[in-house]
Every structure is written in structure tokens, then in C-alpha cells.
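Remarks on the structure that follows.
Throughout, read-outs are computed from the coordinates displayed, never taken from laboratory work. Note that the coordinates shown come from a computational prediction; the quantities given were computed from them, not determined experimentally. Please note: Cβ atoms are built from the backbone with ideal geometry, for glycine as well, and neighbour counts cover all protein chains shown.
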Ligand code: SF4
Ligand code: SF4
């Protein structure tokens, strides 16, 4: 995603994701999708479409891979700021 990020938003680590699709199905806003490209492990990773996230956290709680999904809420303060 390029440019300033609009909160809330979701980031998915492309190398941690195993492409199971649980987050895609869990997202009530339908703003996640499995990509067409493969990561280095041979999975089609999930990704954020770039807008429309409501910060509900359903994707985070549905994901079996620790660390694959991060949801940033509007009060998120980047480290070092
Ligand atoms: S936090 Fe909720 S709305 Fe945002 S991507 Fe995850 S499931 Fe979808
Ligand atoms: S639930 Fe986790 S492992 Fe499964 S597609 Fe989504 S980010 Fe990837």
C-alpha cells in the first residue's frame, strides 16, 4: 500500500502467511483477498485491499499463524515517535 495509511488498516506479513484464507472469510468488511503471487514458501498470501478496514480484529483472531497479521487502530503510535 503506497502513500499515507488511513486508520484503521491491516498489514499481513507476506512471508508468515500460509494462504489458508481464514482471515479473508472472517473479515466482515470484505477487504482482504488472497494474492495471485506466491511467497517464498509457495503459498498465495492474503493481503489488504487498501481501504475499508473497520479495525474489528476478526482477521487477527482467525489467523493460525502468530505474527502474520497486524491491525493498526487510529491511536497506534509508531515506535520511536
Ligand atoms: S480488522 Fe476487521 S475489517 Fe480490518 S481487515 Fe481485519 S477483519 Fe477486516
Ligand atoms: S488467516 Fe493468516 S495464514 Fe491464513 S490467509 Fe490469513 S494471514 Fe494468511
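Only residues that are more than 15 Å from ligand 1 (Cβ to nearest atom) and surrounded by 14 or more Cβ atoms within 10 Å (Cβ to Cβ): list them for the range 34-81, please.
Within the range 34-81, 39, 43, 44 qualify.
If we scan the range 46-61, do we find a residue that is over 13 Å from the mean Cα position of the chain (by Cα), within 14 Å of ligand 2 (Cβ to nearest atom) and in contact (Cβ under 8 Å) with a residue 24 or more places away in the chain?
No: the range 46-61 contains no residue that is over 13 Å from the mean Cα position of the chain (by Cα), within 14 Å of ligand 2 (Cβ to nearest atom) and in contact (Cβ under 8 Å) with a residue 24 or more places away in the chain.
Any idea which residue in the range 62-79 is nearest to residue 27 (Cα to Cα), counting only those that are assigned to a loop (DSSP other than H, G, I, E, B) and near ligand 2 (Cβ under 10 Å from one of its atoms)?
The selected residue is 63.
With the requirement that a residue be surrounded by fewer than 17 Cβ atoms within 10 Å (Cβ to Cβ) and closer than 20 Å to residue 72 by Cβ, what does the range 23-33 give you?
Scanning the range 23-33 gives 26, 28, 29, 30, 33.
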